[in-house]
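The values are calculated or read from the model by the stated rules, or taken from the named source; none is laboratory data. Worth saying up front: this structure is predicted, and the values here are computed from it rather than measured. FYI the Cβ positions are ideal-geometry reconstructions off the backbone, even for glycines, and counts take in every protein chain you see. The accessibility values were calculated without ligands, DNA or RNA, using every heavy atom of the protein model including side chains. Shrake-Rupley method; radii C 1.70, N 1.55, O 1.52, S 1.80 Å.
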Amino acid sequence: SMDAHEIEQLCTQFYSNSSALNAEQLRTISKRLEDFVHQRDCLVQCRLLLDLACSPYSQFFGANTLIKYFNQLSNQSLVSLTDRYDLRSYILDYLYQYNRSLAPFV
């Protein structure tokens, strides 16, 4: 299981420093980031990632991971309506609070 801090580091390496990495390093980092969405505590880790993010790359990754998580049919039945409502409220609050400071691609 990866934590938000580790994801932050991987995102920074992958998105901002990819020209300095070889193909094998890029594949390894990409695979680790893809595996994040399949973690049991993905939703909790995404919220932590968004709350603690130091870079727009990890914010971008956290937002995209939430979208991927909910778009997977296998996960839709795992997330209760209460959790969906809580997450929707969290995202709306997050956007209201940080909308002016978020990078355009986030």
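Under 10 Å, Cα contacts only: if you run a Gaussian network model on the chain, which one of 51, 93, 41 comes out with the highest mean-square fluctuation? With Cα springs under 10 Å in the chain, the top fluctuation among 51, 93, 41 is at 93.
Angle, helix 42-52 long axis vs. longest principal axis of the chain, Cα atoms, 0 to 90°, nearest 10? The answer is roughly 70 degrees.
Surface composition of the chain: carbon plus sulfur atoms hold 54% of the accessible area, using a 1.4 angstrom probe and ignoring ligands, DNA and RNA. Gain on full extension, evaluated as 0.36 nm per residue between residue 22 and residue 5 minus their Cα-Cα distance, stands at 3.8 nm. Radius of gyration over Kirkwood radius for segment 12-51, both on Cα atoms: the Rg/Rh ratio is 1.07.
Packing around the peptides 2-11, 79-88, taken as the average count of other Cβ atoms within 10 Å per residue, puts them in this order, highest first: 2-11, 79-88. Please label the shape of segment 24-106 as rounded, prolate or oblate, based on the square roots a ≥ b ≥ c of the eigenvalues of the alpha-carbon gyration tensor (a/c under 1.5 means rounded; beyond that, a/b larger than b/c means prolate, else oblate). Note, shape of segment 24-106 comes out oblate.
For the chain, the per residue solvent-accessible surface stands at 66 Å², with DNA, RNA and ligands left out and a 1.4 Å probe. Basic side chains Lys and Arg get +1 at the Cβ, acidic Asp and Glu get -1 at the Cβ, and with that the dipole of the chain about its Cα centre reaches some 260 debye. Between the Cα long axis of helix 23-36 and the first principal axis of the chain there is an angle of about 10°, rounded to the nearest 10.
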